[in-house]
1. Looking at SER53, SER5, which is the one that is within 16 Å of the ligand (Cβ to nearest atom) and open to solvent by less than 10 Å² (accessible area, probe 1.4 Å)?
2. So PRO111 fits all but one of (1) surrounded by 14 or more Cβ atoms within 10 Å (Cβ to Cβ); (2) within 18 Å of the chain's Cα centre (by Cα); what number is the exception?
3. Of everything in the range 91-118, what is more than 16 Å from the ligand (Cβ to nearest atom) and within 21 Å of MET183 (Cβ to Cβ)? Give them in sequence order.
4. Somewhere in the range 169-189, is a residue within 16 Å of the ligand (Cβ to nearest atom) and at pLDDT 90 or above?
5. Please work out if LEU158 is surrounded by 15 or more Cβ atoms within 10 Å (Cβ to Cβ), in contact (Cβ under 8 Å) with a residue 12 or more places away in the chain and among the hydrophobic types (A, V, I, L, M, F, W, C).
6. Look through the range 57-71, keep the residues that are away from the ligand (no atom under 16 Å from the Cβ) and under 13 Å from ARG145 (Cβ atoms), and return whichever of them is modelled with the lowest pLDDT.
7. Inspect all residues belonging to the range 25-39 and state whether any of them is in a strand (DSSP E or B), more than 16 Å from the ligand (Cβ to nearest atom) and open to solvent by 50 Å² or more (accessible area, probe 1.4 Å).
8. Scan the range 205-225 and tell me whether some residue there is open to solvent by 30 Å² or more (accessible area, probe 1.4 Å) and under 30 Å from ASP26 (Cβ atoms).
Amino acid sequence: MMGPSHALSGAAVWLSGSWALQQFYDYEQSPLALAVGTAVCAGGALLPDLDLSGKVTRNQGGATVARTFGVFSLFVAEVVEKISLGVYYATKLSRDPKRNNGHRTLTHTIPFTVLVGWGTTTLCATYGKWAVIGILFFMIGLALRGLFDKWAERAGWLIVTLISAGAAVFTAANLPGDRGYPMIGLAVGVGSFVHIIGDMITRAGVPILWPIPIKRRMWTPISLPDKIALRAGGRVEVVFVRTALTIVSVLAALGLVAPSVLQRFNLDL
Ligand SMILES: [Zn+2]
């Protein structure tokens, strides 16, 4: 799956999940909380590909996500890729093949999604507003890059960086800590998980069972059989899947916002 589809799927899952919570469990969220959760989940759905580095010195290559903050995030991607490769070799069993690149290993596992989700919440709870600003800045930047890829490319990484910083500061000043901080962590974790599932249905093998050893392999790649899997970047993904995800997101957002708007105008349906 390509960057924009990943980001869209994160947004769609968060919005429809929030809609379901409101509809069936009366769990209401403020418009700000909804917007932040959606952006962070969209950003989180790009996070695992931060293991796809490019050429830092030449400012080239890398996944969508690795280019969000220019050379800086390319460098981060390089580090993440190397750490992932290190963990691969540290835990590989005799039938796991040799690799010279850490892409689609550690950051595409369930323990990773749990770790980033828990880590985010812990950072926010421990360090408060400053951690929230830093994390939101990063996640909103990823979301902008993913959701509005054409625009982000034209605007350049500096504009994306400035907008993310502004949105992060505004949110940190207005988001209540009690429910808001755990929600940020949950959105990061859910987003990363949605990414892994997205890779699985586009034929890209993902070691989702790690660290469960199977037949002397720790990093067994799991994917849909070729016959039913989508081709990453193919027409079906770019046209059909993205349209469907957009429709789901818009409908869920309308469903979430409509009741309070109707109430404000005293329209009861
Ligand atoms: Zn991926």
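1. On the way: SER53 fails: open to solvent by less than 10 Å² (accessible area, probe 1.4 Å).
Only one candidate qualifies: SER5.
2. (1)
3. VAL114, LEU115, GLY117, TRP118
4. yes
5. On the way: surrounded by 15 or more Cβ atoms within 10 Å (Cβ to Cβ): no; in contact (Cβ under 8 Å) with a residue 12 or more places away in the chain: yes; among the hydrophobic types (A, V, I, L, M, F, W, C): yes.
Judged against the criteria, LEU158 is not a match.
6. Keep residues of the range 57-71 that are away from the ligand (no atom under 16 Å from the Cβ), which gives 57-60, 69-71.
Adding the requirement that they be under 13 Å from ARG145 (Cβ atoms) leaves 69-70.
Details: PHE69: 80, GLY70: 77.
Among those residues, the one meeting the criterion is GLY70.
7. Of the residues in the range 25-39, the ones in a strand (DSSP E or B) are none.
Within the range 25-39, none of the residues are in a strand (DSSP E or B), more than 16 Å from the ligand (Cβ to nearest atom) and open to solvent by 50 Å² or more (accessible area, probe 1.4 Å).
8. The answer is no; no qualifying residue exists.
The values are calculated or read from the model by the stated rules, or taken from the named source; none is laboratory data. Predicted, not measured: the structure shown is a model, and the values here were computed from it. Because the Cβ atoms are built from the backbone with ideal geometry, glycine has one as well, and the counts that use them run over all protein chains shown. All accessible areas refer to the heavy atoms of the entire protein, side chains included, with ligands and DNA or RNA removed. Shrake-Rupley method; radii C 1.70, N 1.55, O 1.52, S 1.80 Å.
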